[in-house]
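The structure under discussion appears below in the form of structure tokens.
The numbers here are math on the coordinates, done by the rules we state, and not lab data. Every value quoted in this text rests on a predicted model; they were computed, and no experiment measured them. Reconstructed Cβ throughout: ideal geometry from the backbone, glycine too, with neighbour counts over all protein chains shown.
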Amino acid sequence: MITIAPYRFGRRWPGLAATLAAGLLATVGTAAGRGPNDGEIFPVSPSFFQSSVLAQEDEPELMDPGAGRDEDPLALESDERVIPEPISPELLKEVSSRAADGMRMPEFSVDEMPDEASSGKWLSSGQWYGSAEVLWMSRSRNYRRVMGYDPSVTGGSPLLRPNLAGTFVTTGVPWDLVPAARLTIGEYLGRDHLDRDQSLELTYYGGLSFFLRDNYNAMPNSFLVTPLTGTILPGLPGFTYAQTYGSTISSNFNSMELNYKLHRRLGRDQLVMSPNGGWTRHAERGWLPAVLVGARLVNVNEAFTFTSNRNGVLPSTFSGQYAIDTQNWLVGANFGGELISQNEFYYWGLRGRVTPAISFAANQQAAAGVNNLPPPPTEQQVSRGSFNWRQTADQVGPGFIGDLTLLGGWQVTPNFALQIGYDFLWVAGIATATRQFNLDNVRPNSIDGGGQILYNGFSMGAEGSW
């Protein structure tokens, strides 16, 4: 008896397998018969059937229309059923659930879709991030005060009309644009239960250093008078009866802040089909709000000098010097946020912070003058002799810092972007130099902490993550 082991193809083509097996049995029984020794069974190798079936697999299958009608489909073994492969839940989460997104194309016409730019791989990748920007900024003009005037031009005191010709004022020359820097470094702390990024960042904003110089000369055969001497008549030695007044003002700003930031990520990516039939993931554009809270430390220092002299006269014979230095430290809680319209390869939006603060202000003043010239024709207008004094003062009061940036950027690579913007910065509750005038020393050790400065300018830089 010949035993034929069943093969896998027998389950798929039962009619063909049965016919083939029957024919082979008949052939073996007649042609081969028994072996040389009567009673010996001729061995049939299973590989014979396997090679026969494999030869048939490449040929089209001929199905009997009536074959298999009486067979129960459930009788087939479970491993032979065609079961669709399930879709990974992770894949479903990474593509848009909206039907229209699958065929969405950008507004601009392209021959081929750009490279893949998903929100998970293209944006906000890495453990650390940072930015470096260069700013060019100007600042508001000084507190307006009349430092001197020429009586032959003004016809008297110009205090009621500070814009009158012949006056020397603190706002006579505008500030130049000066460079500054803004540096940020941060670390991603992970995501919260709403899939928002949490990070801790440190920002330095400053390097602003302004300097201004101005001079004023009297008309020929005339002299200058300063109203800063107040009610002292006939003025102070070394200041009244001068022919040249000069002033310098310098102003610096620096800020450091440490913030905790929580910002939203883009939603599900789009699954986009390109014209060549390929599919790629692309970030869904959207608005990304963020909030931050932290602490901020700001330092604003200013220095002012006012000098007087006469042409061709030694300073030891006639001169005057008045100097004011102010220091301001503001410490407060920092609150801010941003709203960014993020696209695959560019973004734009605004970012701002406000800091209610405590202001620690101080100033130091020093004045000296000498006049050893012969008395002028009008004796009561000029004081002769010399004087010298110094004083200091400090104050603690409320302060405020606020800044706003309008920005836009281009995502050059997944981890690098170029950015430009326009910035506003406001500091209030500080002692500015030109609010501290006390040359007549009527109020010794006085300080005025009600000053404010507004800065504005444009910025450019880069940001990235790694």
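In a shell of Cβ-Cβ distance under 11 Å around Val293, excluding Val293 itself, what net charge do Lys and Arg (+1) and Asp and Glu (-1) give?
After counting each charged neighbour, the total is +2.
Measure out, as a whole number of angstrom, how far apart the alpha-carbon centroids of the stretch 341-374 and the stretch 250-272 sit.
The stretch 341-374 and the stretch 250-272 have Cα centres separated by 23 Å.
Can you tell me the order of 302-308, 284-290, 399-405, 341-347 when each peptide is scored by its average per-residue count of other Cβ atoms within 10 angstrom, highest first?
By packing density, highest mean first, the sequence is 302-308, 399-405, 341-347, 284-290.
Once phi is turned into ³J(HN,Hα) by the Karplus curve 6.51 cos²θ - 1.76 cosθ + 1.60 with θ = phi - 60°, what whole-Hz value does each residue of the stretch 325-341 show in order, with x for glycine and proline?
Values, residue by residue: 10, 10, 10, 9, 10, 10, 10, x, 7, 9, 10, x, x, 8, 9, 10, 8 Hz.
Report the gain in length on full extension from Leu314 to Trp389: 0.36 nm times residue separation, minus Cα-Cα distance, nm rounded to one decimal.
Length gained between Leu314 and Trp389: 24.9 nm.
Can you give me the distance in nm between label points at Ser125 and Ser274, each placed 7 Å from the Cα along the Cα-to-Cβ direction?
1.7
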